[in-house]
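*Asks:* Sharing a structure here in structure tokens format.
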């Protein structure tokens, strides 16, 4: 029998789901939809009669205090629309149904003879709703075609069976005789996304072997050689030319980002605190005598464009597996997330075909990160959101994870004879071609073409895997571990067995359902899987441990000494490739990169008497405004290590510069996490954009008390199509800055990632093909350390009467500033950094903080001095009296607008008691320090300019309201 | 007197067990983090413990409703040992998801005298979705009405962080509230002017009539060090940043009950 157990909120209760749908309909202007009701339902198949179906509904599925229950047999014949027009939303067969996966064993455990369950969401709309509008609701609001199906009317489902029988058939790809045109077609149609030269290399390899490749072999090579897995462009040969330089790189990354780290480590000598960098899944640095700390930041842009919830969900799930798969496994302690979206006020009619509305993307991404991070019990402590029209078809989702690893467990070693063990989630048809898909450009057809690359995660499965792995690590039950990310088993086993060789028995992999071919098993990117190397004598104990926690662990092969990757299915060989060919056989990518600086354009300042309105508009701009709506959906307290929270101040709502956490409750040594990014500067000069991003990440850390000599940084390049020399040129220019600034600051890069081809192509109404490339987007994440967390400071004003100082030099740098943005001004000079002075400023701020001389400290970023003062004031529920004359005299600038809104780097506002002022002045001797004024009890920000005229005089409540309004969503 | 033994019971998706066990240990207890599967295998294990604590997290993903499946497991497979535990002079604490488990299993609000619950009598109170419809992480101020809870002895008001989506107490009828009031079971109440989730009568925590079982939505284990307070940098002069947080008292009370 098949039953539907339908659960509705009691009529007097609050139907949140329906309310949400209704308000989204209103936002879309669907005025014929006036009434929405919702229900959740469970489809239960098994040897169950009506009274049992009702009992299981009452006993387990419904909460009868607030809900009502209805049970009906399926298929349902009712066609009445008296209740309204009904739509049922189900996950497509094969898409992970977490709720069903929990309910099925729970029902069996309660003694019901159930063989399948699916979850379903139901909506009723008013009977007279317009059919065309309902059609839009069903595709835009209540479901996403990439993973869900909408069934109108009474449910006519007769069975929940999925999967099918699989008859083994070895498939070879007749490559030997292919022409170049054939090879190009094969690459594209097979979603391999390889270049012709790469296809030719594969062709000749197999010609030498005297045979054609199997489909699995071809997929393995495509995955290993994908941009996503091999970073071939950034590791490739690049010839770069700009206005002053002509450089031939043999390996771009090695000669820029990696080189900076190597130089810093050499300079530090015996004091080198890097432990394992650019080698493993995450970069590892020293923390204290017993523990090291590692960090990784990843992107999940293309999946998030198609299915924001699932894309972000699995993005975070994936990056958590990186530290877990680093060394012998690290314990995750916090997450970070940075998103780039199009502005949420885009009119629906202006959306290109195939593009989700930015509001839908924003909500989906935030929910996806929330549901994974919170369920994993990992606090999300830091993040940022940037808005720019160019992220419309191609949003960016960066997810980061920080984890602790005991000293001595940072390396791993596979030996021949050890078992290859798959641990965690089962393998399904989900995520096929994720690695190759993420390396391609998005188009309006991507949704249909690559639907399989979109997945839903299951955080509880990953949490169970995490619990088991950390115990097994401490018991010494495995010798190596890595995560199954892009490329699935193919990537994980291929990497682990690179030095030895491996033989895989594909039919052994546990499957979610029948019907997968050997190739699908091999390349599926199903989530929540780790691959371990376990010696024969530890296997029984490892299996026992897994069983005790309900985690599935399966031997799927053995590491060998053949230096070959051998794939078998039911004893028959379906793949046999030399590891060397896989990992070293790819022809190098050779690219040209060019950069021509844009012509200097002078920024003409508008005439102003008062700047109140400029400040309010900057505070209310999307990049600056409060992100509280997002932050409070994340658990930033779990694990009990919170020291400086994302929101701080008298009312817990001011914007913190960085997070401080205590990773071990027994110790007062802390970690500091921050980020820096400013895509707007990239339009002026990617070199200074990158330099500014590093400066911002570092100064955020320093502002809360981090020791500047112990800050590690991570790079994340998201760019457009780098086959265009000018696009690659802007990336090279940013990479050059990464090298110069990291070396000057002594902040080593420890890990990085790139995501290229972030472009979206579509046909506009006139039939023209249009391509939107994202702005050059370099995220720099910083991982700092603070010797004693009780020294940390926050950015909120503390006490009236305290003195305020500006630290750092202000220049005429309004290019790319938020003042320019809100006033629509072009041109200007973009902020630079002073490589000599900046490290000295950071050191002085740090010294003053650890000496307890600073009561509050805030870095200056978007909106410059004015925005920083406003934020400090409303966060502290206090005002300030500011006089710009000392500052103006010190930096030789006359113009108040420049003093207030320039976004020059390496600057802070610090609050100091009268008693501490002399010592602070001493500490900053020889460094730029200017007295600004005092904190006042009067709740207003009052600023007088160079002529002593009042430039700003606004109540802090108005400042805060302007800052809170834009993203205060329901 | 030997340190009381604390069973910190974790299920798939539990995620506050480590810090909860840490603070019990710090207060002089002896905490073991035990997997539910192990207790299901050997229910008699519970007899070795004086304190049962179900910590926060997302047991079974909250997939059917927060705490529902964990609660069902306790009710259907461990009814005997739990009944024994509740009638003895022992303590039980449920924090956040643990409170949800205590409610869905129906260990709360009745405690030992109402255990095991009768299947034909539906629950008359529940923890359900926050009025704002979403997961919310923030600090809350609470008062402690007069009640017999062992955990809350000596506490009249307390600030703690909460982080939940399904933390709103709802009741089937006003009689339920009246009964809780008569029996002094409302253990913690949010500031009436700042009720974070719409909970009826601003309830943040409930105890059983004996005061030996407590469930609360906010997290006392997340305020065990002064630096966890959101305003610790604003009150250095009055609150030593190296000191402990107000949440410690609940755990110390529990341990000292056996002292």
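The values are calculated or read from the model by the stated rules, or taken from the named source; none is laboratory data. None of the values given here were measured: they were computed from a predicted structure. All Cβ positions, even for glycine, are placed from backbone atoms using ideal geometry, and neighbour counts span all protein chains on display.
*Asks:* Just to be sure before I move on: is residue A:82 part of a strand (DSSP E or B) and surrounded by fewer than 18 Cβ atoms within 10 Å (Cβ to Cβ) in the structure I sent?
*Replies:* no
*Asks:* Another question, then. Within the range A:539-557, restricting attention to residues that are crowded, with 20+ Cβ neighbours inside 10 Å and more than 30 Å from the chain's Cα centre (by Cα), which residue is nearest to the other protein chains (Cβ to nearest Cβ)?
*Replies:* A:542
Matching residues to (1) within 14 Å of chain B (Cβ to nearest Cβ); (2) touching a helix residue (DSSP H, G or I) at 6+ places or on another chain (Cβ under 9 Å); (3) under 28 Å from residue A:916 (Cα atoms):
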| residue | (1), (2), (3) |
| --- | --- |
| A:751 | no, yes, no |
| A:764 | no, no, no |
| A:785 | no, yes, yes |
| A:804 | no, yes, yes |
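*Asks:* Looking only at the range A:90-104, filter to residues that are away from chain B (no Cβ under 12 Å) and crowded, with 20+ Cβ neighbours inside 10 Å; which one of those is farthest from residue A:460 (Cα to Cα)?
*Replies:* This residue is A:90.
*Asks:* Okay, next question. Determine if the range A:873-889 includes at least one residue that is within 40 Å of the chain's Cα centre (by Cα), within 14 Å of chain B (Cβ to nearest Cβ), more than 27 Å from residue A:842 (Cβ to Cβ) and at pLDDT 95 or above.
*Replies:* Scanning the range A:873-889, I find at least one residue that is within 40 Å of the chain's Cα centre (by Cα), within 14 Å of chain B (Cβ to nearest Cβ), more than 27 Å from residue A:842 (Cβ to Cβ) and at pLDDT 95 or above, so the answer is yes.
*Asks:* Among the residues that make up the range A:59-70, is at least one of them assigned to a helix (DSSP H, G or I), at the interface with chain B (Cβ under 9 Å from one of its Cβ atoms), touching a strand residue (DSSP E or B) at 6+ places or on another chain (Cβ under 7 Å) and crowded, with 16+ Cβ neighbours inside 10 Å?
*Replies:* Yes, there is a match, as at least one residue in the range A:59-70 is assigned to a helix (DSSP H, G or I), at the interface with chain B (Cβ under 9 Å from one of its Cβ atoms), touching a strand residue (DSSP E or B) at 6+ places or on another chain (Cβ under 7 Å) and crowded, with 16+ Cβ neighbours inside 10 Å.
*Asks:* Let me ask something additional. Return the residues of the range A:749-785 that are in a loop (DSSP other than H, G, I, E, B) and crowded, with 18+ Cβ neighbours inside 10 Å; say none if nothing qualifies.
*Replies:* Listed by number, the residues that qualify are A:756, A:757, A:758, A:774, A:775, A:776.
*Asks:* Considering A:382, A:394, which residue is in contact with a strand residue (DSSP E or B) (Cβ under 7 Å, 6 or more places away or on another chain), surrounded by 24 or more Cβ atoms within 10 Å (Cβ to Cβ) and within 13 Å of residue A:630 (Cβ to Cβ)?
*Replies:* It is A:382.
*Asks:* Sticking with this one: Give the range B:239-259 a look and list any residue that's more than 13 Å from every other protein chain (Cβ to nearest Cβ) and at pLDDT 95 or above, or say none.
*Replies:* B:246, B:249, B:250, B:252, B:253, B:254, B:255, B:256, B:257, B:258, listed by residue number.
*Asks:* Surrounded by fewer than 24 Cβ atoms within 10 Å (Cβ to Cβ), farther than 27 Å from residue A:289 by Cα and modelled with pLDDT of 75 or more: does that describe residue A:473?
*Replies:* no
*Asks:* Related question: Out of the range A:885-906, which residues are surrounded by fewer than 24 Cβ atoms within 10 Å (Cβ to Cβ), in a loop (DSSP other than H, G, I, E, B) and in contact (Cβ under 8 Å) with a residue 60 or more places away in the chain?
*Replies:* A:893, A:895, listed by residue number.
*Asks:* Check the range B:230-251 and report whether any residue there is under 15 Å from the mean Cα position of the chain (by Cα) and over 29 Å from residue A:653 (Cβ atoms).
*Replies:* For the range B:230-251, residues under 15 Å from the mean Cα position of the chain (by Cα) and over 29 Å from residue A:653 (Cβ atoms): present.
*Asks:* Ok, one more. With on the phi < 0 side of the Ramachandran plot and surrounded by fewer than 17 Cβ atoms within 10 Å (Cβ to Cβ) as the only criterion, which of A:51, A:138 stands out?
*Replies:* Result of the check over A:51, A:138: A:51.
*Asks:* Turning to a different aspect of this structure: Given the condition under 24 Å from residue A:825 (Cβ atoms) and either at pLDDT below 95 or in contact with a strand residue (DSSP E or B) (Cβ under 8 Å, 6 or more places away or on another chain) (or both), answer yes or no: does some residue in the range A:907-918 qualify?
*Replies:* Yes, that holds for at least one residue.
So that you can scan it fast, the table gives a plain yes or no per residue for (1) outside any loop (DSSP other than H, G, I, E, B); (2) surrounded by fewer than 20 Cβ atoms within 10 Å (Cβ to Cβ); (3) within 14 Å of chain B (Cβ to nearest Cβ):
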{"residue": "A:4", "(1), (2), (3)": "yes, no, no"}
{"residue": "A:11", "(1), (2), (3)": "no, yes, no"}
{"residue": "A:14", "(1), (2), (3)": "no, yes, yes"}
{"residue": "A:18", "(1), (2), (3)": "yes, yes, yes"}
{"residue": "A:23", "(1), (2), (3)": "yes, yes, yes"}
{"residue": "A:26", "(1), (2), (3)": "yes, yes, no"}
{"residue": "A:29", "(1), (2), (3)": "no, yes, no"}
{"residue": "A:42", "(1), (2), (3)": "yes, no, yes"}
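*Asks:* Is one or more of the residues making up the range A:509-517 under 31 Å from the mean Cα position of the chain (by Cα) and closer than 20 Å to residue A:469 by Cβ?
*Replies:* yes
*Asks:* Within the range B:38-63, work out how many residues are assigned to a helix (DSSP H, G or I), at the interface with another protein chain (Cβ under 9 Å from one of its Cβ atoms) and under 21 Å from the mean Cα position of the chain (by Cα).
*Replies:* 4
*Asks:* Here is a further query. Among the residues of the range B:74-100, write down those that are without any contact (Cβ under 8 Å) to a residue 60 or more places away in the chain and within 14 Å of chain A (Cβ to nearest Cβ).
*Replies:* B:74, B:75, B:76, B:77, B:78, B:79, listed by residue number.
*Asks:* What number goes with the only condition from (1) in a helix (DSSP H, G or I); (2) within 14 Å of the chain's Cα centre (by Cα) that residue B:189 does not pass?
*Replies:* All conditions are met except number (1).
*Asks:* Additional query: Here are some conditions: (1) within 12 Å of chain B (Cβ to nearest Cβ); (2) surrounded by 22 or more Cβ atoms within 10 Å (Cβ to Cβ). Residue A:125 meets all but one. Which one does it not meet?
*Replies:* Condition (1) is where residue A:125 drops out.
*Asks:* Out of (1) more than 10 Å from every other protein chain (Cβ to nearest Cβ); (2) under 14 Å from the mean Cα position of the chain (by Cα), what's the single condition that is false for residue B:195?
*Replies:* Failed condition: (2).
*Asks:* Only one residue in B:71, B:13 is farther than 18 Å from residue B:219 by Cα, within 10 Å of another protein chain (Cβ to nearest Cβ), in contact (Cβ under 8 Å) with a residue 24 or more places away in the chain and crowded, with 21+ Cβ neighbours inside 10 Å. Which one?
*Replies:* The conditions single out B:71.
Rundown of residues vs (1) surrounded by 23 or more Cβ atoms within 10 Å (Cβ to Cβ); (2) out of contact with any strand residue (DSSP E or B) (no Cβ under 6 Å at 6 or more places or on another chain); (3) more than 22 Å from residue A:795 (Cα to Cα), yes/no style:
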position	(1), (2), (3)
A:622	no, no, no
A:629	no, yes, no
A:648	yes, no, no
A:651	no, yes, no
A:658	yes, no, no
A:666	no, yes, yes
A:678	yes, yes, no
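*Asks:* Restricting attention to the range A:954-969, and to residues there that are surrounded by fewer than 17 Cβ atoms within 10 Å (Cβ to Cβ) and out of contact with any helix residue (DSSP H, G or I) (no Cβ under 7 Å at 6 or more places or on another chain), which single residue is nearest to residue A:631 (Cα to Cα)?
*Replies:* A:965
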